[in-house]
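Student: Below is a structure I'd like to ask you about.
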Amino acid sequence: MGDRIIAETNRLILRRYKESDLNDLYEYLSDAEVVRYEPYQPMNLNEVKSNLEWRISTDEMIAVELKENQKMIGNVYLGRRDFSSLEVGYVFHKGYWGMGYAKESCETLISLACAGGIHRIFAECDPQNAGSWRLLEALGFEREAHLKQNVYFWKDEDGNPIWKDTYIYAKLNGQGEGEKG
């Protein structure tokens, strides 16, 4: 399993997904409050099984496990994009919100990505998801844009799109380490 570990912090192990993560993953992907701002609905167990297969097959999804009890409590997404950039995202079990685990995970992975030569890391989030954009700001990201009604994930009962706004945040390699820009 050593090759499956990406990084460790004092409290966390950041690693690749494994089959034994099914129940922990189901706990948070089936929770409507957790996935409220995601482009998918709460998942049933079969949907989570299929989703876990994808997570195991990709290196873009990183499981976050508590060292103290080996419970997988969430994930960080690092998707490769053009021009040496990454897109970051995160989803955590609501029982672990507000404890600094997402920040700790993201700080560690962003540091590794920057050390590896990544130029820019960006994130997109719903303006109504204050917890998410506050975390991005705490990580040193700057809001670059507020896109108005640029995306929809769902339609209303008449089949009309339910449009949503998007905030775009970004952080450049070296930004927030004594100099701006």
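The values are calculated or read from the model by the stated rules, or taken from the named source; none is laboratory data. Fair warning: this is a prediction, and the values are worked out from it, not measured in the lab. As a convention, Cβ positions derive from the backbone with ideal geometry for all residues, glycine included, and neighbour counts pool all protein chains shown. Heads up: the accessible areas ignore ligands, DNA and RNA and are worked out on the full protein's heavy atoms, side chains in. Shrake-Rupley method; radii C 1.70, N 1.55, O 1.52, S 1.80 Å.
Student: Residues in region 41-99 that are assigned to a strand (DSSP E or B) and of a type in the set (A, V, I, L, M): how many?
Tutor: Here the count works out to 12.
Student: Looking for whichever is in contact (Cβ under 8 Å) with a residue 60 or more places away in the chain, open to solvent by less than 30 Å² (accessible area, probe 1.4 Å), closer than 23 Å to residue 32 by Cα and out of contact with any helix residue (DSSP H, G or I) (no Cβ under 6 Å at 6 or more places or on another chain) here; the options are 91, 76. Which one fits?
Tutor: Going through 91, 76 in turn, the sole match is 91.
Student: Please state which of the following conditions residue 50 fails to meet, knowing it meets all the rest: (1) more than 25 Å from residue 145 (Cα to Cα); (2) surrounded by 15 or more Cβ atoms within 10 Å (Cβ to Cβ).
Tutor: So the condition that residue 50 fails would be (2).
Student: Enumerate the pairs (first residue in region 17-35 and touching a residue at least 60 places away in the same chain (Cβ under 8 Å); second residue anywhere and among the small types (Gly, Ala, Ser)) with beta-carbon separation below 8 Å, excluding pairs fewer than 6 apart on the same chain, so at least 6 apart or on different chains.
Tutor: 28/74
Student: From the list 58, 9, pick out the single residue that is without any contact (Cβ under 8 Å) to a residue 60 or more places away in the chain and open to solvent by less than 50 Å² (accessible area, probe 1.4 Å).
Tutor: The conditions single out 58.
Residue-wise test of (1) in a strand (DSSP E or B); (2) open to solvent by 60 Å² or more (accessible area, probe 1.4 Å); (3) touching a residue at least 40 places away in the same chain (Cβ under 8 Å); (4) not basic (Lys, Arg).
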site	(1), (2), (3), (4)
109	no, no, yes, yes
118	no, no, yes, yes
133	no, no, no, yes
150	yes, yes, no, yes
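Student: Can you find even one residue in region 155-169 that is out of contact with any Lys or Arg (no Cβ under 7 Å at 6 or more places or on another chain) and part of a helix (DSSP H, G or I)?
Tutor: no
Student: Counting just the residues of region 17-36 that are of a type in the set (Ser, Thr, Tyr) and surrounded by 16 or more Cβ atoms within 10 Å (Cβ to Cβ), which one comes out farthest from residue 164 (Cα to Cα)?
Tutor: Checked region 17-36; the qualifying residue farthest from residue 164 (Cα to Cα) is 17.
Student: Any chance you could count how many residues in region 30-77 are in contact with a Lys or Arg (Cβ under 8 Å, 6 or more places away or on another chain), of a type outside the set (D, E, K, R) and over 16 Å from residue 92 (Cβ atoms)?
Tutor: Residues that pass the stated criteria total 1.
Student: For region 37-47, which positions are among the charged types (D, E, K, R) and open to solvent by less than 70 Å² (accessible area, probe 1.4 Å)?
Tutor: Of everything in region 37-47, just one residue is among the charged types (D, E, K, R) and open to solvent by less than 70 Å² (accessible area, probe 1.4 Å), namely 38.
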